[in-house]
Amino acid sequence: MTDVEILQAMERIIKPVLTKIEEVKTELEERMDRMEEHMDRIEERMDRMEEHMSHMEERMDRIEDRMTGIEVHLETTTDVGIKIIGEGHADLTRKLDEALKVENERELLLIRLNYLEGEVVKVKRRLSQLEKTA
């Protein structure tokens, strides 16, 4: 075999290998392009998630500020108001107890008065009967 024939034989062997390598290279490039597109979409999603998380953190900060304000209001205003109302309620309860005591005594006096009025009516009748018989 001559050098030319050897080169031609090698060319016949190498040519399909080179074609296959080109096909594999093309397929790898296509796959890499698809992977890059996929990675771009993932990056976009991550950016949106980071933006969403940033908004969530801002909202949480505002909520914490509001909660602190509510706690301060409860401690300085509402609790004090409830304490004042409670003390007033205790005073009212004492006054009500005193008023009920007087009311109970009044009812007892009314019952005694009613009884005594009945007794006076009986005595008057008896006196009237005694005067008629006398």
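Quick check on region 46-55. Is at least one of its residues modelled with pLDDT under 95, aliphatic (A, V, I, L, M), open to solvent by 90 Å² or more (accessible area, probe 1.4 Å) and assigned to a helix (DSSP H, G or I)? Checking region 46-55: not a single residue is modelled with pLDDT under 95, aliphatic (A, V, I, L, M), open to solvent by 90 Å² or more (accessible area, probe 1.4 Å) and assigned to a helix (DSSP H, G or I). Determine, yes or no, whether Glu71 is modelled with pLDDT under 95 and surrounded by 10 or more Cβ atoms within 10 Å (Cβ to Cβ). Against the criterion (modelled with pLDDT under 95 and surrounded by 10 or more Cβ atoms within 10 Å (Cβ to Cβ)), Glu71 qualifies. Might you let me know whether region 75-90 holds any residue that is within 18 Å of the chain's Cα centre (by Cα), in a helix (DSSP H, G or I) and surrounded by 10 or more Cβ atoms within 10 Å (Cβ to Cβ)? Checked against the condition, which is being within 18 Å of the chain's Cα centre (by Cα), in a helix (DSSP H, G or I) and surrounded by 10 or more Cβ atoms within 10 Å (Cβ to Cβ), region 75-90 yields no hits at all. Of all residues in region 1-35, which are exposed (fewer than 10 other Cβ atoms within 10 Å of the Cβ) and among the acidic types (Asp, Glu)? Of everything in region 1-35, those that are exposed (fewer than 10 other Cβ atoms within 10 Å of the Cβ) and among the acidic types (Asp, Glu) turn out to be Asp3, Glu5. Scanning region 123-134 for residues that are exposed (fewer than 10 other Cβ atoms within 10 Å of the Cβ) and assigned to a helix (DSSP H, G or I) gives Leu130, Glu131, Lys132, Thr133.
The values are calculated or read from the model by the stated rules, or taken from the named source; none is laboratory data. Remember, it's a predicted structure, so these values are computed and weren't measured experimentally. Cβ atoms come from the backbone with ideal geometry, glycine included; neighbour counts cover every protein chain shown. Calculation scope for accessible area: heavy atoms of the full protein, side chains included, ligands and nucleic acids excluded. Shrake-Rupley method; radii C 1.70, N 1.55, O 1.52, S 1.80 Å.
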